[in-house]
Amino acid sequence: KYLGCMKNKLGDIVVILYKYNTIYLMGETYRTIMYAPKIMFHKVDNGHLHIDDVLTRYNNIGNGSILMESFLKYASENGFNLITGDLSIIDEDHKDRRNHFYEKFGFEVIKKMMEKENNGKKKTENN
């Protein structure tokens, strides 16, 4: 499904497409779905979407923002009022940039970590 088109910070025109719980950016630079910037998500229940991953090949050129704006518009138009997501451990080396990205779109970033203590009890820590 065609959702629109925009220009990123490099001036590349990207076409925004939706297919199977994924929003893709396609264009001259991104010709195949495999390498296209994308945001993948799934429906948890009525009114609740969960972001599985946001994948972009290049940082700071606006593709992530185009994806998130398109995703939030999709969520709003389809009656989803709660959005959650997991933060990948892979992104820990640039968590300030990652957190800034989500926070600028109104998300509250909460890091959850589970660890097992030697006495067999589990402890949850929120940072």
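The values are calculated or read from the model by the stated rules, or taken from the named source; none is laboratory data. Because the structure is a prediction, the values reported are computed rather than measured. Here Cβ is always computed from backbone atoms with ideal geometry, including for glycine, and neighbour counts include all displayed protein chains. In case anyone asks, the SASA skips ligands and DNA or RNA and just uses the protein heavy atoms, side chains included. Shrake-Rupley method; radii C 1.70, N 1.55, O 1.52, S 1.80 Å.
Of note:
- Across segment 14-28, the qualifying residues are those that are out of contact with any helix residue (DSSP H, G or I) (no Cβ under 9 Å at 6 or more places or on another chain) and open to solvent by less than 100 Å² (accessible area, probe 1.4 Å), and the one among them that is nearest to Glu69 (Cα to Cα) is Val15.
- Exactly one residue out of Phe80, Phe41 is part of a strand (DSSP E or B), touching a Leu at 6+ places or on another chain (Cβ under 9 Å) and either of a type outside the set (Asp, Glu) or on the phi < 0 side of the Ramachandran plot (or both): that is Phe41.
- For segment 64-101, taking the residues that are more than 19 Å from Lys9 (Cα to Cα) and aliphatic (A, V, I, L, M), the one that is least open to solvent (accessible area, probe 1.4 Å) is identified as Ala75.
- Subset of segment 29-63 [more than 16 Å from the chain's Cα centre (by Cα), open to solvent by 60 Å² or more (accessible area, probe 1.4 Å) and not β-branched (Val, Ile, Thr)]: Arg31, Met34, Asp45, Asn46
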